[in-house]
Structure formats: C-alpha cells, structure tokens
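*Asks:* I have a structure here, written as structure tokens, and I will follow up with some questions on it.
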C-alpha cells in the first residue's frame, strides 16, 4: 500500500526535523485505523497518495513533499462528532516539524479540507482536488464511499441524514467546477458529476428515469 512504512520513511527524508519517523508512522496508521472510521481511513489516505504521486510525477506540484505530508495529516484526527478535526490535524504539523515555515504551510494545506475552498497557495487547488478525488473513482467505489459515510454517522436518524447529506452533495454539483485544477477538471469532472447525480438521486446518469 502507498501508506507503507517504506513510503513514509522516504517522505521523511525531506523533513529532517521529524524525530523518530517510525514511531510517527505507527501512530498515524493506528489513528487512521480507529473504529469510528469507515471512510476516513487508510483506504482513503492511500487513494489520496496515489493521486499525489500522479501529480508529482507529471511535474504539476510546487512543493510535492509538503503536499504529501499534508495528505498524511489531513484526517489524522477524526471524530464524526467533532467540529475541530481539521484544526487538531493541522496542529500535528508543528508537533512534527516545529515552529517552521514548512510546518505552517503544511498546516494551511490541511485546513483547506475543512471547507474545500482554495487559497493563494500554489498547491492549494491540488490539496482540495485530491481530497475530493473519491467522486472520480469507479462507481462501485463511490457507492461504497457513500455507505461508509453513512456508517460514520450511524447515530443520525435516517430522515435527517438523508436531507443533510443530499444538501452537501448537491452543493458540490452546484459549483461551476468541482475540481479546481485543469488536470482534474478535464480528466475527472464529467465522471464526478455523473456520480454525484447518482448519489443525490437526480437525473443525469445515462439510463436514469
């Protein structure tokens, strides 16, 4: 898997400030394996890192190591009942790198996943698109994702959940562009929109009534 210790240690060579990289990897793997997670898990992290590799290899990223570290951290703290998961996850950058410009840039990238709205950073749009790359996965995976999100919010009554969930997904459909980078927009936008139509129950999927 892309979340293996080998890949993590290779990334950490770009960050000499990291103390005991092996222990950090053990902690992160344990965090992403917590029982309250169904979607925000190692599976999601692995999928994000694969897209990061693709963007890195194509030469699109300004600071690929910082973006990759931000992806590792972006759901490191996750409680479906919590409202500050992103803030706590972003704070890990300073724990790992100290009070450095790199740590602040990594933390800023993590915080983008709270509202999925880009800022001025050169890799901001990539962080958002990669986090939303689930919509571009094959339909069976997208449907699995939707079941996983429901599992994470199992405590919420079905009628309330269905209404709120449809609002969230419809909000992505209402955007002029789901994906902000030209790479994701041209390659994955049509499929992502078809999948969102399926999830929201709207027309738009070929063969729908």
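The values are calculated or read from the model by the stated rules, or taken from the named source; none is laboratory data. All figures in this text were calculated on a predicted structure; none of them were measured in a lab. Please note: Cβ atoms are built from the backbone with ideal geometry, for glycine as well, and neighbour counts cover all protein chains shown.
*Asks:* How many residues does region 1-32 contain that are without any contact (Cβ under 8 Å) to a residue 60 or more places away in the chain and in a helix (DSSP H, G or I)?
*Replies:* Result for region 1-32: 17.
*Asks:* How many residues are free of Cβ contacts under 8 Å to residues at least 24 places away in the same chain and either farther than 20 Å from residue 201 by Cβ or assigned to a helix (DSSP H, G or I) (or both) if we restrict to region 173-182?
*Replies:* First pass over region 173-182, keeping only residues free of Cβ contacts under 8 Å to residues at least 24 places away in the same chain: 174-177, 182.
Subset that is either farther than 20 Å from residue 201 by Cβ or assigned to a helix (DSSP H, G or I) (or both): 174, 176-177, 182.
Summing the residues that are free of Cβ contacts under 8 Å to residues at least 24 places away in the same chain and either farther than 20 Å from residue 201 by Cβ or assigned to a helix (DSSP H, G or I) (or both) in region 173-182 gives 4.
*Asks:* Continuing with this model, one more query. Before we move on, is residue 10 under 23 Å from residue 136 (Cβ atoms), more than 13 Å from the chain's Cα centre (by Cα) and not assigned by TED's automatic domain parsing to the domain that holds residue 185?
*Replies:* Numbers: under 23 Å from residue 136 (Cβ atoms): no; more than 13 Å from the chain's Cα centre (by Cα): yes; not assigned by TED's automatic domain parsing to the domain that holds residue 185: yes.
In short, no.
*Asks:* For residue 170, state whether it is in a helix (DSSP H, G or I), within 29 Å of residue 67 (Cα to Cα) and assigned by TED's automatic domain parsing to the domain that holds residue 108. Lay out the reasoning, then the answer.
*Replies:* On the way: in a helix (DSSP H, G or I): yes; within 29 Å of residue 67 (Cα to Cα): yes; assigned by TED's automatic domain parsing to the domain that holds residue 108: no.
Taking the combined requirement at face value, the residue does not satisfy it.
*Asks:* Starting from residues that are touching a residue at least 12 places away in the same chain (Cβ under 8 Å) and not in a loop (DSSP other than H, G, I, E, B), keep the ones in region 151-167 and report whichever is farthest from residue 81 (Cα to Cα).
*Replies:* 166
*Asks:* So in region 156-181, with the set limited to residues that are more than 16 Å from residue 146 (Cα to Cα) and touching a helix residue (DSSP H, G or I) at 6+ places or on another chain (Cβ under 9 Å), which one is surrounded by the most Cβ atoms within 10 Å (Cβ to Cβ)?
*Replies:* Among them, the one singled out is 179.
*Asks:* In the list 195, 185, which residue meets the criterion of being assigned to a helix (DSSP H, G or I), crowded, with 16+ Cβ neighbours inside 10 Å and touching a helix residue (DSSP H, G or I) at 6+ places or on another chain (Cβ under 6 Å)? Before the answer, list the steps.
*Replies:* Numbers: 185 fails: touching a helix residue (DSSP H, G or I) at 6+ places or on another chain (Cβ under 6 Å).
Just a single option satisfies the conditions, and that option is 195.
*Asks:* Does residue 35 fit the bill of being over 22 Å from residue 108 (Cα atoms), part of a loop (DSSP other than H, G, I, E, B) and more than 17 Å from the chain's Cα centre (by Cα)?
*Replies:* Yes; evaluated as a whole, the condition is true for this residue.
*Asks:* Does residue 50 satisfy the condition of being under 16 Å from the mean Cα position of the chain (by Cα), crowded, with 18+ Cβ neighbours inside 10 Å and in contact (Cβ under 8 Å) with a residue 40 or more places away in the chain? Don't jump to the end; show me each part of the working.
*Replies:* Details: under 16 Å from the mean Cα position of the chain (by Cα): yes; crowded, with 18+ Cβ neighbours inside 10 Å: no; in contact (Cβ under 8 Å) with a residue 40 or more places away in the chain: yes.
Criteria not met by residue 50.
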